[in-house]
Amino acid sequence: MTFAEVLLALVLALSLCADCFAVCVCSSVTLDKVEWRSVSPIALVFGFVQAGLLLAGYLFGDLFVGYVEKAAHWIGFLLLLYVGGSMIIESFRKQCEVRNLNGLTAVVIGAVATSIDALAVGISLSMGQLETHDIILDTAAVFLVTFLSVVTGMFFGHRLGKTAEFAGGAVLILIGLNILLGIV
């Protein structure tokens with residue numbers, strides 16, 4: 001594992017958790033109290049769902065990548081372009097997405113809603129023929145960074161939600177270009 005691989009995993013994780021961060025910034029107002037006891041379980045659920053969907057997307061994409069191998073780079077690029085572009089467009093909306101985060105069901109629904117892009121990114125990464133050890137590193141980085149971003153968003157992030165979403169979308173588009181062009 002090189003420094004570049006770790007850095008790329010962290011950049012991927014930061015871009016994927018931007019939605020989670022933005023929603024948690026806005027949704028922290030729905031909690032009765034913003035304290036470690038209420039925030040840590042939410043952060044764990046968001047982290048597990050985000051990392052789990054990334055891994056599921058990779059495994060699912062890996063099943064059929066051989067069938068679409070000639071177009072795999074284009075498919076991966078287009079998925080990331082769509083997800084990243086959607087995040088950038090969403091960052092210009094005036095309203096922040098507020099989800100009620102009281103109760104396990106509400107937290108799971110919020111986590112899944114903000115992590116669907118991780119599934120698409122996982123499929124894209126398999127199309128880019130990412131090595132197995134790299135997806136393990138990416139999954140661990142996504143869990144850790146998502147956990148930390150949710151905690152940060154709940155406690156401190158009222159000013160950065162839309163900026164984080166825009167930056168995350170831009171990074172996903174750059175990762176898609178990398179898959180298409182094979183730069184790194």
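Looking only at region 155-176, filter to residues that are aliphatic (A, V, I, L, M) and open to solvent by 60 Å² or more (accessible area, probe 1.4 Å); which one of those is modelled with the highest pLDDT? Break it down stepwise before answering.
Pass one, region 155-176, residues aliphatic (A, V, I, L, M): 160, 164, 167, 170-175.
Still in the list and also open to solvent by 60 Å² or more (accessible area, probe 1.4 Å): 160, 174.
Values: L160: 58, L174: 79.
Among those that are aliphatic (A, V, I, L, M) and open to solvent by 60 Å² or more (accessible area, probe 1.4 Å), it is L174.
Whether any residue in region 142-154 is open to solvent by 20 Å² or more (accessible area, probe 1.4 Å) and modelled with pLDDT under 85 is what I want to check.
No - not one qualifying residue is present in region 142-154.
Working carefully through the options V112, V108, V121, find the one that is touching a Gly at 6+ places or on another chain (Cβ under 7 Å), closer than 15 Å to G52 by Cα, surrounded by 14 or more Cβ atoms within 10 Å (Cβ to Cβ) and modelled with pLDDT of 85 or more.
Details: V112 fails: touching a Gly at 6+ places or on another chain (Cβ under 7 Å); V108 fails: touching a Gly at 6+ places or on another chain (Cβ under 7 Å).
Exactly one of V112, V108, V121 is touching a Gly at 6+ places or on another chain (Cβ under 7 Å), closer than 15 Å to G52 by Cα, surrounded by 14 or more Cβ atoms within 10 Å (Cβ to Cβ) and modelled with pLDDT of 85 or more, namely V121.
Which pairs turn up if I take residues in region 124-137 that are closer than 9 Å to I179 by Cα and look for partners that are part of a loop (DSSP other than H, G, I, E, B) with beta carbon separation below 6 Å, at least 6 apart in sequence or on another chain?
If the second residue must be part of a loop (DSSP other than H, G, I, E, B), the pairs left are M127/V65.
If a residue counts only when it is open to solvent by less than 10 Å² (accessible area, probe 1.4 Å), of a type in the set (A, V, I, L, M, F, W, C) and modelled with pLDDT under 90, which helices (runs of 4 or more DSSP H) contained entirely in region 1-93 have at least 3 such residues?
On the way: elements: 3-16, 18-27, 36-64, 72-91.
It comes to 3-16, 18-27, 72-91.
The values are calculated or read from the model by the stated rules, or taken from the named source; none is laboratory data. What you see is a predicted model; the values in this text were computed from it and never measured. Cβ atoms come from the backbone with ideal geometry, glycine included; neighbour counts cover every protein chain shown. What goes into the accessible areas is simple: the full protein's heavy atoms, side chains included, and nothing from ligands, DNA or RNA. Shrake-Rupley method; radii C 1.70, N 1.55, O 1.52, S 1.80 Å.
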